[in-house]
Amino acid sequence: MWRLAFRNLFQNKVRLIISVGGVALALLLSLSLDAILEGIQRQVTTYIDQSGADIFVAQAGVRNMHMASSWLPASMVGKVRGVPGVESVTPILYVTNVIEASDNAPYMALNLAYIIGLPPNATAGGPPRIAEGVSIPAKGEAIIDRAVAAKSGVVLGDKIKILGEELTLAGLSESMTTFTGSIAFISKKDFDRIRGETGAVSFILVKVELGESPAEVARRIENQVDKVTAEPRTGFAAQERKVVQDMSTDIVTIMNLIGFVIGLAVMALTVYTATLARRKEYGVLKALGARSAHLYRAVLAQALISVGVGFALSLLITLILSASVPYLGVSLSLQINGASLIRVGGLSIVIAGLSAMLPIKQIAGLDPALVFRGK
Amino acid sequence: MTNATFQVSQVTKRYGVGSTEVTAVRNVSLSVAPGEVVLIMGPSGSGKTTLLLMLGALLKPTTGSIQLNGTVLSALAENRLPDIRLREFGFIFQDFNLLSALTVLENVAIVAELAGLKSRAARQKAAAILTDLGLGERLNFLPEKLSGGEKQRVAIARALVNDPALILADEPTANLDSKIGHEVMRLLRRIAKEQQRSVVIVSHDQRIKDIADRVLWLEDGQFKEVTTMAIDPVCGMSVEQEKAISTEWDGRTFYFCAKGCRDEFMTKPQR
């Protein structure tokens, strides 16, 4: 029956293209959206992943950076440094703001950015890779991502505005852009001054001594220093991803539902019309002695092959998109993960099964005697 | 080879009830021996299709019984009938009814696969039958590429692939020209005789009467007159006994298509 399904499907090329194309586009919606969100989740933790810190210490209860605010008294820095197993600490200041930069009309181009205030002796938390210029900003200097600088038409030595303060562009970092913005670095002194010398820090980035477990040291910090939350880097990044995931759950659900409905409609229509077109042939098989179950298998196999090819096509398009998007100059990264493949694959099987139900019902009611009556 | 006996006893089929009741087939009895070719003719609306459907286990009679090899088909549960149709009957249709997406070989093999044969064995068996029927060069053709005669030969191969006891043919020459129709019918007769399969043909085509061993006339749901066929011992042609020229010799009656054949026979009757 698989052969019959296969041949039935491939005999009518136009119908095949419509059904496979329709399903592929519907599944592409789900698959590419998943890939975009996975990409965003990975991008959003780029700074955390590449910070060089083993532990992030924040105000009690704060477990991520995105859409969060953490303020710790400066005295906490020393207390954390004194915890056994801590090799070094880097206090940073952090706020969401914009980079104002433009080549010919100053400050017209606004780029949303996470602004990091970095001390001169930072052992963690700085830009992981520098394309040009300095790696730690001095007073009056700023480091922004190379892509943002290129987009805004600024080069090293140009003036840009961050937190409303005019600074000199002294360094260009690599891979510090995300879908929502980029990461810019200024000196902690400038950050302090601009924000009114509060004497507080946002996060304390900890490096642990060789052989120490970050989880164990984080536990010690929480035990020995009051009103702080200490998270190993991996846990902190996981929390960050979860925030983005929670924010996008509704969108993903709606888009998946749309994809599902479109896919189901296309498949149901094409499998139904394909079965209708071969109604007499199914009747002939019934008259010859084929059981209804044989014919159901043929219809189901037809739907499964269509959906399978559609799924493969949608995956191929997503892979092509994920490979080509970085060359389009957009701050987007498409990442396909196994869970997404399983989920969309499962969705495909459900579509195939449901779309075959109506034609199966039609075949069940088919009287083989009609073949002898020329119907 | 098969030793099947097909027995239809007092079969009646009624449709509807009360004032709308119609009796399509009335008290029909028929026995078909192995290797026998029976032709059922009759005008439109005479009940031929209804009878054929009952013979093919596609329709249950209202009364009466249909037996094949001692099994009363008319008493079997519905869910057992597909297997009976698949293994005990071969069907040949008026408009061939080949599956358009499958090749000649696949059209035949699929029926063997439905009966439980593995794909490779089914294809081998189908290829052997098709080659025997002169279609060895057409195995991978789609039906649309075949002539009418070739399509009907594929249908015959499909009907034979599960070694059925009985072959039922519904207007098998209706879509064939006279010459090809006759060739196909001669082929069917040869198969019936060589393989001892019973063949029941329902047709309007008067031209195929000569290939039948018996011709039955169905009218108003009943057999009206039975025409018995005989073979001319000189030219081998099938002739109706009632209309043919006959002669007695050595205690037997011989039937001839024409006076010339009788005269030739009489010159050397002991042949």
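The values are calculated or read from the model by the stated rules, or taken from the named source; none is laboratory data. Values in this document were obtained by computation on a predicted structure and should not be read as measured data. Quick reminder, even Gly has a Cβ in these numbers, built from the backbone with ideal geometry, and neighbours come from all protein chains shown. With ligands, DNA and RNA removed, areas are computed over all heavy atoms of the protein, side chains included. Shrake-Rupley method; radii C 1.70, N 1.55, O 1.52, S 1.80 Å.
The residues of segment B:216-271 have, on average, 62 Å² of accessible surface per residue, using a 1.4 Å probe with all protein chains present. The angle between the Cα long axis of helix A:292-324 and the main principal axis of chain A comes to about 30°, on a 0 to 90 degree scale. The H on the amide N of A:ILE99, modeled in the peptide plane, is under 5 Å from the matching H of A:ASN111, A:LEU112, A:ALA113, each at least 5 residues off or on a different chain. To test your reading of the geometry: what angle, between 0 and 90 degrees and rounded to tens, separates the Cα axis of helix A:2-11 from the longest principal axis of chain A? With both axes taken from Cα atoms, the answer is about 90 degrees.
Expressed to the nearest 5 percent, the antiparallel share of DSSP beta bridges inside segment A:39-197 is 65 percent. Please label the shape of segment B:11-116 as rounded, prolate or oblate, based on the square roots a ≥ b ≥ c of the eigenvalues of the alpha-carbon gyration tensor (a/c under 1.5 means rounded; beyond that, a/b larger than b/c means prolate, else oblate). Cα axes put segment B:11-116 in the prolate bin. This model, with +1 at the C-beta of Lys and Arg and -1 at the C-beta of Asp and Glu, gives segment A:61-226 a dipole about its Cα centre of some 200 debye.
Computed over chain A with a Gaussian network model linking Cα atoms closer than 10 Å, the most mobile of A:ASN223, A:ASN256, A:ASN64 is A:ASN223. DSSP finds beta bridges in chain B, and of those with both partners inside it, around 60 percent are antiparallel. Each distinct pair of alpha carbons in the protein assembly as shown adds a 1/r term; the inverse of their mean, the Kirkwood radius, is 31.8 Å. A cut-off under 13 angstrom between Cβ atoms defines the neighbours of A:GLN11, and their net charge, with Lys, Arg +1 and Asp, Glu -1, is +2. With all pairs of separate Cα atoms included, segment A:305-375 yields a Kirkwood hydrodynamic radius of 15.5 Å. Straight-line cross-link partners of A:LYS189 among the aspartates and glutamates, defined as a Cα under 16 Å from its Cα and at least 8 positions apart when in the same chain: A:GLU141, A:GLU165, A:GLU166, A:GLU197. Of all DSSP-defined beta bridges confined to segment B:149-271, some 70% are antiparallel rather than parallel.
Structure note, pairs A:LYS286/B:LYS151; A:LYS13/B:LYS125; B:LYS145/B:LYS179: Cα-Cα distances above 26 angstrom occur for A:LYS13/B:LYS125. Mean separation of Cα pairs under 8 Å and 6 or more residues apart, divided by the residue count, gives segment A:61-226 a relative contact order of 32 percent. Taking 25 °C and 0.890 mPa s as the conditions, I'd like the Stokes-Einstein D for chain A in µm²/s, using the Kirkwood hydrodynamic radius from alpha carbon pairs. The diffusion coefficient I find is 101 µm²/s.
A cut-off of 5 Å between modelled amide H atoms, ignoring neighbours fewer than 5 places along the same chain, links A:SER187 with A:LEU118, A:GLY140, A:GLU141.
Working from the pairwise distances between different alpha carbons, so that the mean of 1/r is found and then inverted, what is segment B:146-232's Kirkwood radius in Å? Kirkwood radius, segment B:146-232: 13.7 Å. The spacing between segment A:39-94 and segment B:41-101, judged by their C-alpha centroids, is 82 Å. Remark: accessible area buried at the A-B interface is about 2400 Å², both chains counted, probe radius 1.4 Å. Considering only A:ILE130, A:ILE92, A:GLY61, and ranking their Cα positions along the charge dipole of segment A:61-226 that arises from unit charges at the beta-carbon of Lys, Arg, Asp and Glu, the one farthest toward the positive end is A:GLY61. Computed from the Kirkwood radius of its Cα pairs, the Stokes-Einstein diffusion coefficient for segment A:61-226 at 37 °C and 0.692 mPa s stands at 198 µm²/s. Among the residues of segment B:37-56, which ones have their accessible area go down by 30 Å² or more when all the protein chains sit together, as opposed to their chain alone (1.4 Å probe)? Output list: B:THR49, B:LEU53. In the full protein context, segment A:61-226 carries 44 Å² of accessible surface per residue, based on a 1.4 Å probe and ignoring ligands, DNA and RNA.
For chain B, the mean residue ellipticity at 222 nm estimated from helices alone is -9000 deg cm²/dmol, where every DSSP H run of n ≥ 4 contributes -39500 (n - 2.57) and the total is divided by all residues, rounded to the nearest 500.
Past the 29 angstrom mark, what percentage of all C-alpha to C-alpha distances in chain B do you count? Above the 29 Å cut-off, chain B has 37 percent of its Cα pairs. Cross-link partners for B:LYS259 among the lysines, with Cα-Cα distance under 17 Å and sequence neighbours closer than 8 places in the same chain left out: B:LYS243, B:LYS268. For segment B:192-202, backbone phi angles converted through the Karplus equation (6.51, -1.76, 1.60; θ = phi - 60°) give residue-by-residue couplings of 4, 6, 5, 9, 6, 9, 7, 10, 10, 10, 10 Hz, Gly and Pro being listed as x. Taking a threshold of 28 Å on the Cα-Cα distance, which of the pairs A:LYS151/A:LYS242; A:LYS280/B:LYS118; A:LYS280/B:LYS13 fall above it? Result: A:LYS151/A:LYS242 exceed 28 Å.
Per atom type, chain A shows carbon and sulfur on 61% of its accessible surface, probed at 1.4 Å. Mean residue ellipticity at 222 nm, helices only, chain A: -17500 deg cm²/dmol; runs of at least 4 DSSP H residues each add -39,500 (n - 2.57), and the sum is divided by the number of residues. Karplus-based coupling profile of segment B:135-148, in residue order and whole Hz: 10, x, 8, 10, 4, 9, 7, 7, x, 4, 8, 9, 7, x, with θ = phi - 60° in 6.51 cos²θ - 1.76 cosθ + 1.60 and x standing for Gly or Pro. Diffusion coefficient of segment A:192-263 by Stokes-Einstein, Kirkwood radius over Cα pairs, 20 °C, 1.002 mPa s: 134 µm²/s.
Placing a label point 7 Å from the Cα of A:ARG219 along the Cα-to-Cβ direction, the residues of segment A:41-84 with a backbone N closer than 15 Å are A:84.
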